Amino acid sequence: MEKNLGKSALVIGGSLAGLLAARVLSNHFENVTIIERDPVHNLPESRKGQPQTRHLHGLLVEGLKIITGYFPDLLEGLQTDGIPIMDMAQTMQWYCYGGYRANFEFGMKGVITSRPFLEWQIRKRVLDLPNVTLKDGYSVQKLIASENNKQITGVQLIKTGQETAPETLLADLIVDASGRGSRTPKWLEELGYKKPPESIVTCGVGYATRLFERKETQPENLKWIFITPQAPRQRRAGGVFPVEGNRWMVGLAGWHGDHAPTDEEGFNAFAKSLPAPDVYNIITHNKPLSDIISYKFPASLRHHYEKMDHFPDRYLVLGDAACSFNPFYGQGMTSAAMQALALETLLQTNNTLDGLAKPYFKKVAKIVDIPWQTAVGEDFRFPETKGKKAPGTNLINAYIDRVHKATHHDTVVGAAFLKVMNMLEPPTSLLSPRILWRVAKHSLQKN
């Protein structure tokens, strides 16, 4: 234990954000309890409360760096279970804006696995910690506060789906990592606080996903495939990831109601309609192993806790419970990891748990600002998108169009783009004189 700040901490939610929060808290509290409303089993699984986990997920390089910092044996464990560790730029087959991005050596390793498998690997390591316990199958009903409601002291919970007497768990610090369906705004109102300001930007994204057999002898066995639209003219996308168990996970996506059907004929026709044949070739040359499942994501949602004038002590919010992005851009897990690391930094430097909320939410806002603007900026390419649009969005998108096209041939621009995509560099790095010149040169050559 790095520094003992209290006897006990609670984490609401046992998905990836909650597991990372518990790992951080284990360094600073004698006991950490994770409360998860669904039953949890010691195997890879998509629980009732996390339907999105059955679809394509990307762990960006920055997120992988943070997570392996907490779990140094994770990569070795994934490799032992047959998960390839690969250079993402060498293995990508990414069609966008009329061509394929050029392959090159990125120099940074990535992993491709299903979300349930990755979460199971992390959960095993978190629950192996001697001071972390999981209380699964329990739902938090409300927060317990001090007499003046200025400090959260615990939670009231019940057995999920059962009419039993409520239990009370007290703690020195509580972190809500319960995901997009977080009830923190409602709980705060019950205690006399205002709800946090919200930002909502619609996208109307829908997914359809199916698993296929992957033959190890196929030359493209370790390629990952992405076909992304040239919006707003195109609004359909597809992806294929090589996941554990020698399977392809194939996902089809569309914006603003243009969603892939869940019958085989419609699913295949949607894949065939994409601007490149790579996804369609996979599904027509490999045996399907699952039904087609769907998932709808209507809008990105951000709770601005950093803008609240009053917030109770000893209570924090992390991950999708604070901000959930359009999942197509793959930022959620990495954003949660960065927020967990920010919490670690505060706990290391603070000698008290009081007054933690304001500096914490300030850090979270800074972390979330970039992926939020990146995601909603892309979604604003579609005229149907509703919400607050930042000034200059159209101009930035017009430049990014040229960046995409330059990556077809220029690996320097390609590397700069992937660093931004993986949250290793800010988007402003794409405006450096070196990149501006190369993008402009490519545009002039094309013209």
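The values are calculated or read from the model by the stated rules, or taken from the named source; none is laboratory data. Keep in mind the model is a prediction, meaning the values are calculated, not measured. Reconstructed Cβ throughout: ideal geometry from the backbone, glycine too, with neighbour counts over all protein chains shown.
Every residue in the range 281-296 that is touching a helix residue (DSSP H, G or I) at 6+ places or on another chain (Cβ under 8 Å) and either part of a loop (DSSP other than H, G, I, E, B) or surrounded by fewer than 20 Cβ atoms within 10 Å (Cβ to Cβ) (or both), please.
Answer for the range 281-296, where residues must be touching a helix residue (DSSP H, G or I) at 6+ places or on another chain (Cβ under 8 Å) and either part of a loop (DSSP other than H, G, I, E, B) or surrounded by fewer than 20 Cβ atoms within 10 Å (Cβ to Cβ) (or both): T284, P288, I292, I293, Y295.
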Unique residue being assigned to a loop (DSSP other than H, G, I, E, B), surrounded by 17 or more Cβ atoms within 10 Å (Cβ to Cβ), within 18 Å of the chain's Cα centre (by Cα) and of a type in the set (A, V, I, L, M, F, W, C) when the list is L59, L19: L59
Residues that are under 25 Å from D309 (Cβ atoms): list the strands (runs of 3 or more DSSP E) wholly contained in the range 114-221 that include at least 1 such residues. 138-145, 152-159, 173-176, 198-213
Please verify whether A17 is in contact with a helix residue (DSSP H, G or I) (Cβ under 8 Å, 6 or more places away or on another chain) and assigned by TED's automatic domain parsing to the domain that holds I292, treating the condition exactly as stated. no
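If you check A276 against the conditions, is it crowded, with 21+ Cβ neighbours inside 10 Å, assigned to a loop (DSSP other than H, G, I, E, B) and either modelled with pLDDT of 95 or more or of a type outside the set (D, E, K, R) (or both)?
Numbers: crowded, with 21+ Cβ neighbours inside 10 Å: no; assigned to a loop (DSSP other than H, G, I, E, B): yes; either modelled with pLDDT of 95 or more or of a type outside the set (D, E, K, R) (or both): yes.
Spelling it out, it is not the case that A276 is crowded, with 21+ Cβ neighbours inside 10 Å, assigned to a loop (DSSP other than H, G, I, E, B) and either modelled with pLDDT of 95 or more or of a type outside the set (D, E, K, R) (or both).
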With the requirement that a residue be assigned to a helix (DSSP H, G or I) and charged (D, E, K, R), what does the range 22-52 give you? R23
